[in-house]
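Beneath this line is the structure, given in structure tokens, with notes to follow.
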């Protein structure tokens, strides 16, 4: 890892959440409207268009709607018109559902010069970029900037909100937080919860079904992945962290047919989404493939060359699949219906090559 300061959403899970790539193919989700927003040419590469939705919420949206979550509940009286998102990925589901938020985070890590993630930029097309909220990579939530947007709802389904932060945001507008624990909401749940908040539950269900079908179709092209065991880690200073089955990046790999190595959960400590393993014990981590995320390829190469990590059985066998590059890391660390098709063209061959090496 480089020494640059990493964003809170990465640090909160040890250092991150993990993928990327470029474009997709014709098997990607069609982005057909089906009751959501208008979809245009962006659907050709598997990314749903974000054009404003003329059709409105599903069947009137069923408002008011109350969404229970880990920090309380949010009651949304009518279909929200001014949506603010907080966290690294919530804007993706909002956009995929045909709504352009009035404000979303500036993302230095993985974003372009304006702080916009590449798959979000593709999805926006010619639409005006929403107001970009400051400090998305920092420690403080910009409450005043959020309040200035006069939101009808604040969406933070994938986030690390504390109770105090949630209470402050809720005084501004109904705020939808994570259902169970910080930084652990799957891309499926992100989509359906946000769909309920926007009155677009039917379209959300379609997006989940389309993306799951897409994952199944693409993974079928790489049968070597089925049943291949893996461990997913990250270097944090002088320690190695392993992500458990509760982590969203791990769940994406199991969605692709891979299997988390039994070692990982058997040695987990506490109820977090990661835990530390002493580098001296790295040789005990039995897995067909080892996956890690890195700011760049140089950091990945340095990891593999480190004698402590070179003893990982998968690394020693050449079955190492590093995720290198900020956009790639962000896309896979907090996977969504937009980022998944954006990065799979690069990710799947890389995983398949590692799985093949493991079998040799």
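Read the figures in this text as sums done on the coordinates, not as results from a lab. The structure displayed is predicted, hence computed values, not measured ones. Every residue, glycine as well, gets a Cβ built from its backbone with ideal geometry; the counts of neighbours run over all protein chains shown.
Estimated at 0.36 nm per residue, the fully extended path between residue 281 and residue 121 surpasses their Cα-Cα distance by 53.4 nm. Taking 13 Å as the cut-off, the amide N atoms of region 319-346 that come nearer than this to a point 7 Å along the Cα-to-beta-carbon line of residue 360 belong to 319-320.
Pull out a ≥ b ≥ c, the square roots of the eigenvalues of the alpha-carbon gyration tensor of region 218-359, then state rounded if a/c is under 1.5, prolate if not and a/b is larger than b/c, and oblate in the remaining case.
Numbers: a/c = 1.32, a/b = 1.30, b/c = 1.02.
Rounded.
For the pair residue 308 and residue 267, a Förster radius of 22 Å applied to the C-beta separation gives a FRET efficiency near 0.85, rounded to the nearest 0.05. When restricted to Cα atoms, region 140-189 yields an Rg and a Dmax of 11.0, 31 Å, respectively.
Can you figure out the FRET efficiency of residue 82 with residue 114, using R₀ = 35 Å and their beta-carbon distance, to the nearest 0.05? Mind dumping the intermediate values first?
Working: r = 21 Å, r/R0 = 0.60.
Approximately 0.95, to the nearest 0.05.
What shape does region 215-272 take by its C-alpha gyration tensor, where a ≥ b ≥ c are the square roots of the eigenvalues and a/c under 1.5 counts as rounded, a/b above b/c as prolate, and the rest as oblate? Verdict is prolate for region 215-272.
For the pair residue 147 and residue 226, a Förster radius of 56 Å applied to the C-beta separation gives a FRET efficiency near 0.70, rounded to the nearest 0.05.
If we sort 293-301, 339-347, 327-335 on the protection proxy, mean other Cβ atoms within 10 Å, highest first, what's the order?
Values: 293-301: 17.7, 339-347: 26.2, 327-335: 28.7.
Answer by packing, highest mean first, reads 327-335, 339-347, 293-301.
Under 1.5 on a/c is rounded, so check that first for region 181-231, then, if it is not, pick prolate when a/b is larger than b/c and oblate when it is not; a ≥ b ≥ c are the square roots of the alpha carbon gyration tensor eigenvalues. Oblate is the answer for region 181-231, as a/c is 1.5 or above yet b/c matches or exceeds a/b.
One Cα centroid belongs to region 205-250, the other to region 109-129; the line between them spans 25 Å.
Each of 172, 323 was scored by other Cβ atoms within 10 Å of its Cβ. Listed from fewest to most, they are 172, 323.
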